[in-house]
Structure formats: structure tokens, C-alpha cells
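Accompanying notes for the structure given below.
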């Protein structure tokens, strides 16, 4: 996703994040170049099922991805006393869903 910000604002990009497991990986990169903010998120799941013994690890992976999805771009007016920021234009859209899981009797199944 690219977002063209007005030049009169100060912005701070979220922190980049990546996590890799044998069953999947997630990577998020964020950068601010001039007045253009770019965000890229990718998720690759290699396994659709995991043994029930891996439940804790998978849930930790899921929590970490959800925490990254909660990061926000911080924007503030450069001049104090100004009206709220307007005029931002999204150049394309991006949607990432956090992985969900359901428990089976002996295995963890992922529906991502």
C-alpha cells in the first residue's frame, strides 16, 4: 500500500517486523520516503495442520501477527493549532487477515 501524505504533516512509520517458523512466515515492512508512506505485508503458510503439541507455538505466532496488524502510522500537523490532517490519498489498498485456527481432537488445523 502506498499513501501520499500532505507535505505539511510529520509522520512516523511503524516498526518493521518478521517472524519465521517451519510452518509459516510473516513479514511486514514500512517506510516513509518524503511524503509517501509504503507498507508491505506478506504471509506464507507452509502447513495446513500442526500436531496438537504445537498449539502454543502457533498461538504465539498468531498473537505476534495480530500485534503487528495493530501498529499504526503516526501523523501530526507540522504547524501547531492547525486543523486535522486531510488530503491523504491511498494509491492502492492492502488487506491482511490474521491467521485463524481451530482445534481438532489430535491436531491443530489452520484455516488461513
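The values are calculated or read from the model by the stated rules, or taken from the named source; none is laboratory data. Just so you know, these numbers come straight off a predicted model, no measurement behind them. All Cβ positions, glycine included, derive from the backbone under ideal geometry; neighbour counts span all protein chains shown.
Laid out as a table, the results:
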item	result
Residue in segment 74-82 that is modelled with pLDDT under 95 and surrounded by 15 or more Cβ atoms within 10 Å (Cβ to Cβ) present	yes
Filtered residues of segment 1-17 (kept if part of a loop (DSSP other than H, G, I, E, B) and either within 16 Å of residue 65 (Cα to Cα) or within 13 Å of the chain's Cα centre (by Cα) (or both))	1, 13, 14, 15, 16
Unique residue being modelled with pLDDT of 95 or more and more than 12 Å from the chain's Cα centre (by Cα) when the list is 31, 89	31
Index of the failed condition, residue 67 passing every other in (1) under 28 Å from residue 6 (Cα atoms); (2) modelled with pLDDT of 95 or more; (3) part of a strand (DSSP E or B)	(3)
